[in-house]
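Notes follow the structure.
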Amino acid sequence: MPDKVQITLKPLGESVKVNPGTPLIDVLHEYGVEFPCGGKGTCGSCKIKLLEGKLVIDEIQQQKLKKLKLDRNWRLACYCKVESDITLEISQFDNIILADNSTFEFKPQKGFGIAVDVGTTTVVSQLVNLENGHILDSISEVNAQSGFGSDLISRIESCLNGNYGELQKRIRFQIVSMIDKMIQKNPVHLSKIILVGNTVMHHIFSGIEVEALSFYPFHSPNLGIQKFKAEELNLKEIKNPEIYFYPSIGSFVGSDILAGIAATKMSEKESFSILIDLGTNGEIVIGNNEKIICASTAAGPAFEGAKISQGMRATTGAVSSVNYENNKLKPHVIGNVQAKGICGSGLIDVMAILLEHQQIGMFGEIISGEDYIKLTNKVLLTQQDIREFQLAKAAIAAGVQILLNKLQITYKDIEQVYIAGGFGNFLNIDNIIRTGLIECESDKIVKLGNTALIGAKMFLFEREHYANEILQKTTHVNLEGESNFQDIYIEKMMLV
Ligand code: FES
């Protein structure tokens, strides 16, 4: 068996070497490919065309392909493991896939656009042909400000400690380099660049002071859309594109969530939906076509791996899911390599299993009395990690409860719960419910990947008023200011 096998991705023109036996989902999710049904083989959105090489199809995949009326050149990426060199065409890049697995209907326009999701942990950008919606290129990188702390509070503190200029320089330089790389590879006429991100990223990128976000009531007067000229950003090769950083909804609910609302189309539906983004900052949105309320929680970045002793994001080496077989935890590691740490979806799985098998109690205590649980020879889950999980889970669950109370509805009135976040593709829905993170039936839950990026791509085709319409319906709630927040939060810490 070869040491490494090569995957060539079309139309991106990228090649990547991985260990034989690596599931394709581990590779493709890094390129912004979404897996809407989470690998159940029902949506067909992860379909890929095998241009060269071999990808074995088992009996189950054969059936699924038949049902989806796909001929023998096609595979479902969520079912495939790579055993030898292959060349693939990513079909999803021919369309913008929405949260409900439909494709985005757009008015074709001249030119090309770039959508950028400026995440606290990861920055992702895609180059889109505005005439046909095809994605020509996709780049994902760790945010260049990461050395200044993993969460928003540390970034704000760094800014206030005299590093504002450096943080701004780094993120601008990173995004400009991404754009340059894409344009050098695909020399096209760029007419629009749209950035979305949380309020802190919006402020730092745009040159707005972050001090107002550092103390109660955290009100920034500058949440609006920011426009830039190519020269200001040092984009020399590009002639007069429109460049926007889209507006934030509230102090800690940014345009990434505005884009998420667009991607789920929740602002157009009569029935109520919930959108939960388990990113570095946990944000919650509940609403319908009349009214939307949203909040950010103090969930912190536990689900992105920070604050967990061996936490990491959903990338090569992360335990992304865990099963329980023969009385043992059986972790799956992204990239089929040795485990280096655990990401959010793995953490949720292991917590659910430990609860199910009574290895932890309702207060999160490890029943054996040890201070850690061994996942692999190299990866341990400590008692402190379990506490961090409880804090993050309680923050989300309490946030949802308070927003539901405010709208005077319950989970029963909710038609769909959308879960977004970098590790969304790997989430096990039953385990989300088992841990008490979300308290509804599993068939209401739709797990998504990067709704911020999907929404940003939609914004490339729309005028600003589309985003403004969502903004006008949306109210931001400060959870900490709610009198019953502490009581509900403490109640939700329990693992029952
Ligand atoms: S068929 Fe839905 S993700 Fe693969």
Can you confirm whether residue 323 is of a type outside the set (Lys, Arg) and either under 27 Å from residue 121 (Cβ atoms) or crowded, with 22+ Cβ neighbours inside 10 Å (or both)? yes
Only one of (1) in a loop (DSSP other than H, G, I, E, B); (2) more than 13 Å from the ligand (Cβ to nearest atom); (3) modelled with pLDDT under 90 does not apply to residue 30, and that is (1)
Could you check the range 98-129 and list, in sequence order, the residues that are assigned to a loop (DSSP other than H, G, I, E, B), at pLDDT 90 or above and either of a type in the set (Phe, Trp, Tyr) or surrounded by fewer than 20 Cβ atoms within 10 Å (Cβ to Cβ) (or both)? 108, 109, 110, 111
Could you please tell me which pairs satisfy a Cβ distance under 9 Å, a separation of 6+ or placement on different chains, a first residue in the range 477-496 that is under 23 Å from residue 364 (Cβ atoms), and a second residue that is among the hydroxyl-bearing types (Ser, Thr, Tyr) and buried (at least 18 other Cβ atoms within 10 Å of the Cβ)? 479/296; 479/297; 479/489; 495/435
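Looking at residue 6, is it part of a helix (DSSP H, G or I) and farther than 21 Å from residue 426 by Cβ? Don't jump to the end; show me each part of the working.
Values: part of a helix (DSSP H, G or I): no; farther than 21 Å from residue 426 by Cβ: yes.
In short, no.
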Among the charged types (D, E, K, R), outside the structural domain of residue 182 (by TED's automatic domain parsing), more than 12 Å from the ligand (Cβ to nearest atom) and within 21 Å of residue 314 (Cα to Cα) - does that describe any residue in the range 6-18? yes
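Restricting to the range 84-96, and then to whatever is among the hydrophobic types (A, V, I, L, M, F, W, C) and at pLDDT below 95, can you tell me which residue is nearest to the ligand (Cβ to nearest atom)? Write out each step before concluding.
Initially, the range 84-96 is screened for residues among the hydrophobic types (A, V, I, L, M, F, W, C), giving 86, 88, 90, 93, 96.
Next, only the ones that are at pLDDT below 95 stay: 90, 93, 96.
Working: 90: 12, 93: 15, 96: 16 Å.
Applying the filter and picking the extreme gives 90.
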Note on the range 238-266: residues surrounded by fewer than 23 Cβ atoms within 10 Å (Cβ to Cβ) and among the polar types (S, T, N, Q) are 240, 251
Considering only the range 38-83, state which residues are more than 14 Å from the ligand (Cβ to nearest atom), of a type in the set (Val, Ile, Thr) and out of contact with any Ser or Thr (no Cβ under 8 Å at 6 or more places or on another chain). 56
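So if I check each of 299, 295, which one is of a type outside the set (Val, Ile, Thr), buried (at least 19 other Cβ atoms within 10 Å of the Cβ) and modelled with pLDDT of 90 or more? Walk me through how you get there before you give the answer.
Details: 299 fails: modelled with pLDDT of 90 or more.
Criteria check complete, one pass: 295.
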Among the residues of the range 469-496, count how many are more than 17 Å from residue 247 (Cα to Cα), touching a Ser or Thr at 6+ places or on another chain (Cβ under 8 Å) and part of a helix (DSSP H, G or I). 1
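The values are calculated or read from the model by the stated rules, or taken from the named source; none is laboratory data. All values reported here derive from a predicted model rather than from experimental measurement. Glycine gets a Cβ as well: all are built from the backbone with ideal geometry, and neighbour counts include every protein chain shown.
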